[in-house]
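Peer 1: Pasting in a structure now, in structure tokens, and then I'll have a few things to ask.
The values are calculated or read from the model by the stated rules, or taken from the named source; none is laboratory data. None of the values given here were measured: they were computed from a predicted structure. A quick note on method: Cβ atoms are made from the backbone with ideal geometry, for glycine too, and the neighbour counts reach across all protein chains shown.
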Amino acid sequence: MNIVLIFLITIFSVSLFFYGKSKTKTISIKDNIKLNALPKFYGYYLVLWCSIPALVFLLVWSLFEPVIIKSIIIETAANQGAIFSDKNEANLIYEKIKAIHLGTYFGDIDSILKESALAYAKFINLFTNSKVVLIFGIIIASVIYSLKKIKNNNKARDDVEVILKGLLFVSSLIAILTTLGIIFSLLFESIKFFSVINIFDYLFGTNWSPQRAFVRDASSITAAEFEELKDAFGFIPLIAGTSFIAFIAMLVAVPIGLFSGIYMAEYASIKVRRISKPIIEILAGIPTVVYGFFAALTVGPFFRQVGENLGLTVSSESALAAGLIMGIMIIPYVSSLSDDVINSVPQSLRDGSYAVGATKSETIKQVVIPAALPGIIGSVLLAVSRAIGETMIVVMAAGLAANLTINPLESTTTITTQIVMILVGDQEFDSPKTQSAFALGLTLFVATLILNYIAQRAVKKYREKYD
Amino acid sequence: MSNIKIKSKNLNVYYGDKQALFDVNLDLNEKEVTALIGPSGCGKSTFIRCINRMNDVIDICKVTGNIEMDGMNINDKDLDVVSLRERVGMVFQKPNPFPKSIYDNISYGPKIHGKGETKSELDQIVENSLKKSALWEEVKDRLDEPGTSLSGGQQQRLCIARAISVNPEVILMDEPCSALDPIATAKIEELIDELKKTYTIVIVTHSMAQAVRVSQKTGFFHLGKLIEVGKTEKIFKNPDNKMTQDYITGRFG
């Protein structure tokens, strides 16, 4: 139904565009008046007036219709004599009524359900009809209003400008609200988690084993269970593993990426650049899961083999393998971005350096790189956040055991990997184990936020110094 | 009559297929200011960029012919460009201080060439260069501030100081005042007058008045050819060539 309505609104608006355009044209010719805007702006004006109010109304209606119908139906069912003790049971009855209406309910239907289903059908009908009527009312009202405006030769161009500004504002508002929504959902679930697990036990605990948290209901925790839970959610091994793997990745990606960026920007001929730059960028297009099995099936076993030959014990899932492959994955980010940044350093600075007799590498080291430093730092930090957020390679190549270790040859795990582990398969949504995923998400979010803040401060400081 | 410092013979420059200079024969006198004038795109800048081999930076640029400094062939393939540029400094059209402190801007060149091994020697070089470029009094208390924080005119004098810092013999100036206001321009011109006691100077300029004020010798370029060269006074009062006459009286260009 809604799709049909949207379709109708669109068709109607488009035809109004042509109507408004030609109408104003004829008026201006016939009455020989100077229009306040080009004819097409009158067309846009009609389109916007015809579509926006109707679409907004449709959106709001569709958001509230199910809620209202539900509360009405539950009330009717209660009046009919349906018995439910809490919200969940009421929901269940409502779902049954809906299913009966749709003909997909196969259980026993008693008279209460039957009556309610009839009432449901009635309300659905009523709501749909009134929706259609109201929408057409709105369209007619707004079209009459805008046509009248057009006849008065309004400043349609300025008006369109105002409406568009409003639309853009609403779009950014949606983006901001979504972000806030995500943050709050993380926050509320985390608060539930921290009502069971002490926040300090979480932040400073050195043992992570969420599978111990079999307790279902937070309110019925016994003292023994609490002691058991207390040290099951230690965050330290995860942040250590995350930082460690990201660190290994940066050790690989920053030098190689930066040097290849410098080569591309300063030394490579146009021909070499044209061929090699896309090839490096292909690295960024490889799905991370492919890197993951490359790390798990090729690099990991290779390291183990080498380690055995050297007399070292290397776990087949190791931080080294994951970090190395992650580093390779990140190279194109660093190289491509630093290439761009170095390219944007003005040629006049290089000329100035050459003119006092500096060689190319001296110029690059002492003039070009310092001038490009804010951008290079930016690209490195982007790479760091990519490394911290990366999940798939770690799941496949670094293992799942939350070892607190600084030995790169042992398996370790990261925050994102643990979130995956917690949320795959069956889970109870009110067990501390599941809620810990939200706490992890929140911590990761806060950590990245702090990192970004520091990064921006650093970039700003250098910029003041160098620009 | 002073000595000839730089001598170009049948100098041709090509950018790819396009020829930018045609058989330029031009002598530059020692410790004198030579002004190069001419309409945009006539090859003045290309000519001075040959003197310190700055054209090497441009891949498609090809130079033929001879250009000698004190009898040494600048176009020689085996010539050490770094030591050439140590002897031939350059100041550009737009001030281009490095994004470093004022001090580091000046000490950059000497450090690269291993001059001024101790801090005090380096301090001395920086101070001398800034004094010679008449900037010392204005910046002596803020040497660690970024060079980019100076005004346009000060930045250009900083760039002149940077060029002087490696103690060159020749200074090339590519329209050094075109981005500056008249007061800053006057200061730079004053400075050029002072500098010519020590250095051989070549200045490319679009301002006829500037050429008259600062130079002893003037060369007029048009479409890649050196049309006329001679004493500045003569070029501006009584040129031999009709085209020169037309250009300096503002009939074209």
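Peer 1: Which of the residues spanning the stretch B:93-121 are part of a loop (DSSP other than H, G, I, E, B), among the β-branched types (Val, Ile, Thr) and within 11 Å of chain A (Cβ to nearest Cβ)?
Peer 2: Scanning the stretch B:93-121 gives no hits.
Peer 1: I'd like to check which strands (runs of 3 or more DSSP E) are fully inside the stretch B:193-253 and have at least 1 residues that are within 15 Å of the chain's Cα centre (by Cα) and under 20 Å from residue B:174 (Cβ atoms). Give the steps one after another, and end with the answer.
Peer 2: On the way: elements: B:200-204, B:217-222, B:225-231.
It comes to B:200-204, B:217-222.
Peer 1: Against the definition (part of a helix (DSSP H, G or I) and crowded, with 22+ Cβ neighbours inside 10 Å), how does residue A:402 come out, yes or no?
Peer 2: no
Peer 1: Moving to a separate point now. Which condition does residue A:139 not pass, out of (1) assigned by TED's automatic domain parsing to the domain that holds residue A:48; (2) exposed (fewer than 15 other Cβ atoms within 10 Å of the Cβ), if it passes all the others?
Peer 2: So the condition that residue A:139 fails would be (2).
Peer 1: Please give the helices (runs of 4 or more DSSP H) falling wholly within the stretch A:129-230 in which 1 or more residues are modelled with pLDDT under 85 and over 26 Å from residue A:447 (Cα atoms). Break it down into steps so the answer makes sense when it comes.
Peer 2: Details: elements: A:156-196, A:199-204, A:223-230.
It comes to A:156-196, A:223-230.
Peer 1: Next question, about the same structure. For the stretch B:42-66, which residues satisfy the criterion of being out of contact with any Gly (no Cβ under 9 Å at 6 or more places or on another chain) and away from chain A (no Cβ under 14 Å)?
Peer 2: Once the filter is applied, which keeps residues that are out of contact with any Gly (no Cβ under 9 Å at 6 or more places or on another chain) and away from chain A (no Cβ under 14 Å), the stretch B:42-66 yields B:63, B:64, B:65, B:66.
Peer 1: Turning to a different aspect of this structure: Which residue is surrounded by the most Cβ atoms within 10 Å (Cβ to Cβ), if the candidates are limited to the stretch B:143-170 and must be more than 14 Å from chain A (Cβ to nearest Cβ) and outside any helix (DSSP H, G or I)?
Peer 2: Among those that are more than 14 Å from chain A (Cβ to nearest Cβ) and outside any helix (DSSP H, G or I), it is B:143.
Peer 1: Taking residue A:121 as the residue in question, decide whether it is in a helix (DSSP H, G or I), in contact with a His (Cβ under 8 Å, 6 or more places away or on another chain) and either among the hydroxyl-bearing types (Ser, Thr, Tyr) or closer than 29 Å to residue A:2 by Cα (or both). Please lay out each step first, then the result.
Peer 2: On the way: in a helix (DSSP H, G or I): yes; in contact with a His (Cβ under 8 Å, 6 or more places away or on another chain): yes; either among the hydroxyl-bearing types (Ser, Thr, Tyr) or closer than 29 Å to residue A:2 by Cα (or both): yes.
Answer is yes for this residue.
Peer 1: Within the stretch A:321-345, can you find the residues that are among the small types (Gly, Ala, Ser) and in a helix (DSSP H, G or I)?
Peer 2: A:321, A:322, A:323, A:327, A:335, A:336, A:338
Peer 1: I need the full set of residues from the stretch B:67-80 which are aliphatic (A, V, I, L, M) and either under 17 Å from the mean Cα position of the chain (by Cα) or more than 14 Å from every other protein chain (Cβ to nearest Cβ) (or both), in order please. It would help to see each step written out before you state the result.
Peer 2: Step one: of the stretch B:67-80, the residues aliphatic (A, V, I, L, M) are B:67, B:69, B:72, B:74, B:79.
Across the stretch B:67-80, the qualifying residues are B:67, B:69, B:72, B:74.
Peer 1: Also, I was wondering about something else. Residue A:348: of a type in the set (Gly, Ala, Ser), more than 27 Å from the chain's Cα centre (by Cα) and assigned to a loop (DSSP other than H, G, I, E, B), yes or no?
Peer 2: Against the criterion (of a type in the set (Gly, Ala, Ser), more than 27 Å from the chain's Cα centre (by Cα) and assigned to a loop (DSSP other than H, G, I, E, B)), residue A:348 does not qualify.
Peer 1: For the stretch A:351-371, which positions are part of a helix (DSSP H, G or I) and facing chain B (nearest Cβ under 8 Å)?
Peer 2: Scanning the stretch A:351-371 gives A:351, A:352, A:353, A:354, A:355, A:362, A:366, A:367, A:370, A:371.
Peer 1: Sticking with this structure for a sec: Residue A:385 passes all but one of (1) buried (at least 22 other Cβ atoms within 10 Å of the Cβ); (2) more than 14 Å from every other protein chain (Cβ to nearest Cβ); (3) of a type in the set (Gly, Ala, Ser); which number fails?
Peer 2: (1)
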